[in-house]
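Data first, discussion second: the structure below is written as structure tokens.
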Amino acid sequence: MIEGYLIKYRNYLWVVKGCEHFNDYVIAYPRYDIVNQLKIKSMDRALSIARKLEVMRYSDCLKLEVPLLRRDEVEEVLNPFNRGLWPDLPQEVNLILEGLNPNELGEVGLTGSYLISTLLKGIKPRDVDLIIKDVGVGFKVYEKLKEFRWKGITKPLEGIDEFEGCDLKTRVMLLRSRVLEGVIGNTVYSVRVLSCKEDVRPTCVEDYELFSGELTIVESVSSYVMPYTYIAESSLGRVLVRSLRMRYSEIPIGVRLLVSDCRLEKYFNNLTCINLDMCYASIYS
């Protein structure tokens, strides 16, 4: 189970987060309330549910409290790559996948509301969320999306109603340069390219401290493949910056971010990295 898989546990459907998980536990967040047929939109609400169900656990490896579900207690797994679970997709989305051969199409999964709508009738399909687990296939799709944006076939997402972790201006400005997320025809789409390998355990954090200050993105290490990784200039000198959140994909070179209370994580392999996932960031100008 990797990023994008949906699992049933205690009257909720949880979305698996990231590529790295433990032998007996999987990191996942509640995303849909099965009983009330509702989407859980905010991270605060998701964490509140996880605490109520007593699955929030401190990981000494991650030096962080996260929702950990025991693998042997998961009631059902929805595999995004099982096309037998898919509903019909809007024709515009099929344009994005045109040109992929059958083997390459097998690397493309469907998650989010379109997949959930086949199980929960109260959830109406809204955005088409695709995940791609082969980086080579992801590159082909990414190049097509760049071409589509240049030709005006797709356009940036507008009318943002959710910008958790940053301000509205920052969310909108980053969306303008992002082709992995946008609108094609009348359909909102997102494409998440993964770098997940089978049975990878988390890299343990040796220590961390909180960092606040300015980051200037000077180099892209992995801007369209998750985890999204950059090199930034900062008061610490050059430092790696990383995120699992799609809002921080495709950050243009030269962008200056003002961040507060980010985890500056130090790993046992002597790597140091600023984690954008649980702090506040805004474009600085």
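The values are calculated or read from the model by the stated rules, or taken from the named source; none is laboratory data. None of the values given here were measured: they were computed from a predicted structure. Heads up, the Cβs are rebuilt from the backbone with ideal geometry, glycines too, and the neighbour counts pull from every protein chain shown.
A few notes on this one:
- Taking the criterion of being part of a helix (DSSP H, G or I) and modelled with pLDDT of 95 or more, the residues of the range 149-179 that qualify are ARG149, TRP150, LYS151.
- For the range 72-111, the set of residues classified as of a type outside the set (S, T, N, Q), touching a residue at least 60 places away in the same chain (Cβ under 8 Å) and within 16 Å of ILE7 (Cα to Cα) consists of GLU73, VAL74, GLU75, GLU76, VAL77, LEU78, PRO80, GLY109, listed by residue number.
- Comparison of ILE251, ILE274 shows that the only residue that is aliphatic (A, V, I, L, M), in contact (Cβ under 8 Å) with a residue 40 or more places away in the chain and either over 20 Å from GLU164 (Cβ atoms) or outside any strand (DSSP E or B) (or both) is ILE251.
- Residues of the range 4-53 classified as of a type in the set (Asp, Glu), exposed (fewer than 15 other Cβ atoms within 10 Å of the Cβ) and free of Cβ contacts under 8 Å to residues at least 24 places away in the same chain, total: 1
- Of residues in the range 54-78 being farther than 20 Å from ASN23 by Cβ and in contact with a strand residue (DSSP E or B) (Cβ under 8 Å, 6 or more places away or on another chain), the one surrounded by the most Cβ atoms within 10 Å (Cβ to Cβ): LEU78
- Every listed requirement among (1) modelled with pLDDT of 95 or more; (2) not assigned by TED's automatic domain parsing to the domain that holds LYS266 is met by SER222 save one, (2).
- Of the numbered criteria (1) closer than 30 Å to GLU158 by Cβ; (2) in a loop (DSSP other than H, G, I, E, B), the one ARG201 fails is (1).
- Counting only strands (runs of 3 or more DSSP E) that sit completely within the range 1-100, zero hold 2 or more residues that are among the small types (Gly, Ala, Ser).
- Candidates GLY182, GLY138, GLY122 - the one that is assigned to a loop (DSSP other than H, G, I, E, B) and in contact with a strand residue (DSSP E or B) (Cβ under 8 Å, 6 or more places away or on another chain): GLY122
- SER212 of a type in the set (S, T, N, Q) and over 30 Å from LYS151 (Cβ atoms): yes
- Residues that are surrounded by 17 or more Cβ atoms within 10 Å (Cβ to Cβ) and modelled with pLDDT under 95 were ranked within the range 119-133; the one that is nearest to VAL108 (Cα to Cα) is LYS133.
- Subset of the range 257-271 (residues that are surrounded by 14 or more Cβ atoms within 10 Å (Cβ to Cβ) and either within 18 Å of THR229 (Cβ to Cβ) or in the same structural domain as LEU168 (by TED's automatic domain parsing) (or both)): LEU257, VAL259, CYS262, ARG263, LEU264, GLU265, LYS266, TYR267
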